[in-house]
Amino acid sequence: MNENDIKKIIKKSKVKTKADFTDNVLTKLEAECSTRSSIKLWPLHQIILGFVAFTVISGFLFYGLSKNYIPDFNPIVPLLWALMVLLGLNYVLGLSKQRNLADFK
Amino acid sequence: MVDNVADKDSELVHQVQNGDMQAFRILVDLYKDKSLSLAISIIKDEHLAEDILQDVFIKVYKKIGTFKFRSKFSTWMYKIVVNTCYNELKRQRNTVPIEENEKPFDHTTSPEGSDKLTFEDQKAYIQKGMQQLKTDEALVLRLFYLCEMSLKEIEAITKFKASKIRVDLHRGRKNLEEQLRQLLGDETKHLL
């Protein structure tokens, strides 16, 4: 068999989907989009901004209050607090990246 | 011709990226049959392949925003089809022992005469012949002849080496011919 014959034969091996295939895909897609939109989180840049703002404000508050009420207050404590909050952010970003990768696979 | 198809695809992709569902419907209609043929090369079960393909199109819709037009849309699309099917195959092998694809031939269904071989019969025999091929061979043959992908594009889609693709193409052609001869005997010439 020559190249053209094989081509003709393989073209005939094309399998057709069911008639309602496209409608099923679009229905499934609409259903998924509506479920997703109901549990939609903030966009990533807003989450990052939120975390940074929370870190700075809570760090200052923590520092101000602790300095007034705790006699032997160590200023390293609010820094550790800020570090913990930023580690939390890192964790959230990691989760988001993993979810995106899993979606793509 | 190929460029026209690529241009049309790019236009449709732009429209889908701008939220046009009608354009997405056209894309699905354009690619569903060839994609199903590819999926069947890997999955072998038509119903399961069709279910997987539905998920593939949903994945394509969700990720179409990340498509940067660095390759043809068809290459990107078939890559998702192939990856998803191989992942599903891997998942199935880890959970349920599935039947090997080399099933014995059913010679009782051989045609009695060439005049009885309708277009639908021809298709059925060819599909049967394709099913007997090894997964990689059937996939490469369909990508090359049915989807008209170049060797480079097949390399990008399957991540096979160029040498393996050439070998699979050669063996696939030879084995398909042999399978059809076993199924149809001298009637093979009436397939053309």
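Can you sort A:Y69, B:Y86 from fewest to most other Cβ atoms within 10 Å of each residue's own Cβ? Could you put the intermediate results ahead of the total?
Values: A:Y69 8, B:Y86 16.
So the residues, fewest neighbours to most, are A:Y69, B:Y86.
Could you let me know the centre-to-centre spacing of region B:122-169 and region B:12-90, using Cα atoms, in angstrom?
For region B:122-169 versus region B:12-90, the Cα centre distance is 18 Å.
Extension gain A:L87-A:K14, at 0.36 nm per residue separation less the Cα-Cα distance, in nm? Before the final figure, lay out each step's value.
Details: separation 73, 0.36 × 73 = 26.28 nm, distance 5.25 nm.
Stretched fully, the A:L87-A:K14 segment lengthens by 21.0 nm.
Could you list the square roots of 5 times each eigenvalue of the Cα gyration tensor of region B:1-99, that is, the equivalent ellipsoid semi-axes, sorted largest first and rounded to whole Å? List each step's numbers first, then the result.
Values: eigenvalues 145, 34, 28 Å².
Calculated on Cα positions only, the semi-axes equal 27, 13, 12 Å.
With the cut-off at 27 Å, tell me which of the pairs A:K97/B:K8; A:K28/B:K134; A:K7/B:K72; A:K11/B:K72; A:K12/B:K62 have Cα atoms farther apart than that.
In this structure, A:K97/B:K8; A:K28/B:K134; A:K12/B:K62 exceed 27 Å between Cα atoms.
With a Förster radius of 45 Å, plug the Cβ-Cβ distance of B:K63 and A:L65 into 1/(1 + (r/R0)^6) and report the FRET value to the nearest 0.05. Could you put the intermediate results ahead of the total?
Numbers: r = 47 Å, r/R0 = 1.05.
The calculated FRET efficiency here is 0.45.
Within 10 Å of each residue's Cβ, count the other Cβ atoms and sort B:D55, B:D186, B:D136, B:D168 from fewest upward.
Details: B:D55 13, B:D186 8, B:D136 18, B:D168 25.
If I rank by nearby Cβ atoms, fewest first, I get B:D186, B:D55, B:D136, B:D168.
Neighbouring Cβ atoms within 10 Å as the yardstick, rank B:R93, B:R171, B:R142, B:R70 fewest first. Numbers along the way, then the final one.
Numbers: B:R93 10, B:R171 16, B:R142 27, B:R70 7.
Least crowded to most crowded, the residues run B:R70, B:R93, B:R171, B:R142.
Readers should treat all values here as calculations from the given coordinates under stated rules, not as data from a laboratory. All figures in this text were calculated on a predicted structure; none of them were measured in a lab. Don't worry about glycine lacking a Cβ; one is built from the backbone with ideal geometry, like all the others, and counts go over all protein chains shown.
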